[in-house]
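Student: Dropping the structure in here first, questions after.
The values are calculated or read from the model by the stated rules, or taken from the named source; none is laboratory data. Since this is a predicted model, take the numbers as computed values, not measurements. All Cβ positions, even for glycine, are placed from backbone atoms using ideal geometry, and neighbour counts span all protein chains on display.
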Amino acid sequence: MTVFDTDIYLRRLGHDSERAGRPAPDLTTLVRLHKRHMETVPFSSTGSLAVPTASGEVVDLVDFDQDATFDAVVAAGHGGGCVQMTRLFLRLLRDLRYDVDLIAGTTAEGEAEYGVDVEHMLMVARVDGARWLVDVGYAGPSFLEPLRLDGATDGREQVQYGCRYRLVEDGDGVLLQRRPRLGRWSVVFRFTPKVREPAEWYAFQDLANVKLAAVTQESAPQLHSRAVADGQVVLKGRRLLTVRAGIEKSRTITDDEELRAVRDGILGGTLD
C-alpha cells in the first residue's frame, strides 16, 4: 500500500517536485493544483465512502484511514467522493504550508435528504491576505479554480471557462450560484465560512448510514465526474452532462456499451 506521500500526490497533479522542488504556497500554485486535481482525480461514487459496502458495514466519513484512502483515490487514480478528496487535498495544502481549513455546506439534494447544514465538505484558504473558496470534491458542475471570498459575497461575478459564478449572502451563510453561457443562475450549494473540524460530520455520517442501509451496491446511484481543460463531464446514472467553454449539453445514454465507455473515460481514460 502506498501511504500518503506529498511528492507522489504532486506528480499525480503534474508537478515533479524531485526535479523542480516543492511549489511555493502562493495563489498561482493553488489555482494550478486545484484545476489539475479536478482534471486528474475523478469524482466517483463507486470509489466513495458514501456508498454501501458489500459486507454491510457502516460508512466511515470521519475516522477513515487516510493512507489507505490516498493509495486508492490518488496513487492508483481511482478517485473518490467529497470527504475523501477534500481531506486529502487539505493535507496536501497544509504540507505545502498553506493556511487552509475545512468549512461546511449543504447541497439541495443533501438538504432534502438529511436536513443538516454540515453535509458537503470544502475548504477556505488564506493566501496573500485574501480568502479563497476551495472545493475539489463536488461532482459538479461547479467551479474549476478557487473563487475569491473576500469582498465577493455581494453578488459580483467571477468568470471561469465561460461560466459565471457569484457568492450571495444568505443569512449567516453564503449561496454559491452558477450560470452557464446560455443558461440561468442556479444554486450549486450553500455554505458557511465558519471553520470546522472533521468530528462535526459525525451527525451527517449517522444520518447517511441510516439512508444507506436501505440500498444495495447495485441500487446505489452511480455518479462520476472529471474536469477537462475548458469544463467538466458529469455522468449521473445514464444522464450525461458536458460543460465546454460554458456551453452545457445534456442527454440520456441508452446504449450499455457507450455507458461503460463514457464511465471508463471519466475514471481515467480519454474524454473527447
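Student: Can you pull out the residues in the range 258-270 that are surrounded by fewer than 16 Cβ atoms within 10 Å (Cβ to Cβ) and either aliphatic (A, V, I, L, M) or in a helix (DSSP H, G or I) (or both)?
Tutor: If the condition is that a residue be surrounded by fewer than 16 Cβ atoms within 10 Å (Cβ to Cβ) and either aliphatic (A, V, I, L, M) or in a helix (DSSP H, G or I) (or both), then Glu258, Arg260, Ala261, Asp264 are the ones that fit.
Student: Being touching a Phe, Trp or Tyr at 6+ places or on another chain (Cβ under 8 Å) and crowded, with 16+ Cβ neighbours inside 10 Å is the filter here; which residues of the range 230-242 pass it?
Tutor: Across the range 230-242, the qualifying residue is only Gly231.
Student: Consider the range 71-91. How many of its residues are within 15 Å of the chain's Cα centre (by Cα) and either surrounded by 18 or more Cβ atoms within 10 Å (Cβ to Cβ) or among the acidic types (Asp, Glu) (or both)?
Tutor: Total meeting the criteria: 14.
Student: Sticking with this structure for a sec: Inside the range 73-111, can you point out the residues that are among the β-branched types (Val, Ile, Thr), assigned to a strand (DSSP E or B) and touching a His at 6+ places or on another chain (Cβ under 9 Å)?
Tutor: Answer for the range 73-111, where residues must be among the β-branched types (Val, Ile, Thr), assigned to a strand (DSSP E or B) and touching a His at 6+ places or on another chain (Cβ under 9 Å): just Thr106.
Student: If you don't mind, there's one more thing I want to ask. Name the single residue that is nearest to Leu93 (Cα to Cα) among those in the range 27-48 being of a type in the set (S, T, N, Q) and in a helix (DSSP H, G or I).
Tutor: So, considering only residues that are of a type in the set (S, T, N, Q) and in a helix (DSSP H, G or I), the one nearest to Leu93 (Cα to Cα) is Thr29.
Student: Check Ala125 against each of (1) surrounded by fewer than 21 Cβ atoms within 10 Å (Cβ to Cβ); (2) of a type in the set (Gly, Ala, Ser); (3) assigned to a strand (DSSP E or B) and name the one condition it does not meet.
Tutor: Going through the list (1) surrounded by fewer than 21 Cβ atoms within 10 Å (Cβ to Cβ); (2) of a type in the set (Gly, Ala, Ser); (3) assigned to a strand (DSSP E or B), Ala125 breaks only (1).
Student: From Ala125, Ala152, grab the single residue that is modelled with pLDDT under 95, hydrophobic (A, V, I, L, M, F, W, C) and farther than 21 Å from Lys236 by Cα.
Tutor: Just a single option satisfies the conditions, and that option is Ala152.
Per-residue answers, yes or no, for (1) among the charged types (D, E, K, R); (2) within 28 Å of Thr242 (Cβ to Cβ); (3) at pLDDT below 95:
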site: Thr69; (1), (2), (3): no, no, yes
site: Arg94; (1), (2), (3): yes, no, no
site: Ala104; (1), (2), (3): no, no, no
site: Glu113; (1), (2), (3): yes, yes, yes
site: Glu119; (1), (2), (3): yes, yes, yes
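Student: For the range 24-43, state whether one or more residues are out of contact with any strand residue (DSSP E or B) (no Cβ under 9 Å at 6 or more places or on another chain) and more than 27 Å from Val233 (Cβ to Cβ).
Tutor: yes
Student: When only residues in the range 114-162 that are of a type in the set (Gly, Ala, Ser) and under 12 Å from the mean Cα position of the chain (by Cα) count, which is nearest to Leu93 (Cα to Cα)?
Tutor: Filtering first and then ranking leaves Gly137.
Student: Further question on the same structure: Just to check your reading of the model, which residue among Ile253, Ile247 is modelled with pLDDT of 95 or more and in contact with a helix residue (DSSP H, G or I) (Cβ under 8 Å, 6 or more places away or on another chain)?
Tutor: Exactly one of Ile253, Ile247 is modelled with pLDDT of 95 or more and in contact with a helix residue (DSSP H, G or I) (Cβ under 8 Å, 6 or more places away or on another chain), namely Ile253.
Student: Can you tell me which residues in the range 158-198 are of a type in the set (Val, Ile, Thr) and more than 11 Å from Phe143 (Cβ to Cβ)?
Tutor: Val168, Val174, Val187, Thr192, Val195, listed by residue number.
Student: Among all residue pairs at least 6 apart or on different chains, which show Cβ distances below 7 Å where the first residue, located in the range 44-70, is within 21 Å of Ser225 (Cα to Cα) and the second is at pLDDT below 70 and of a type in the set (Val, Ile, Thr)?
Tutor: Pairs found: Ser45/Val51; Pro52/Val215; Pro52/Thr216.
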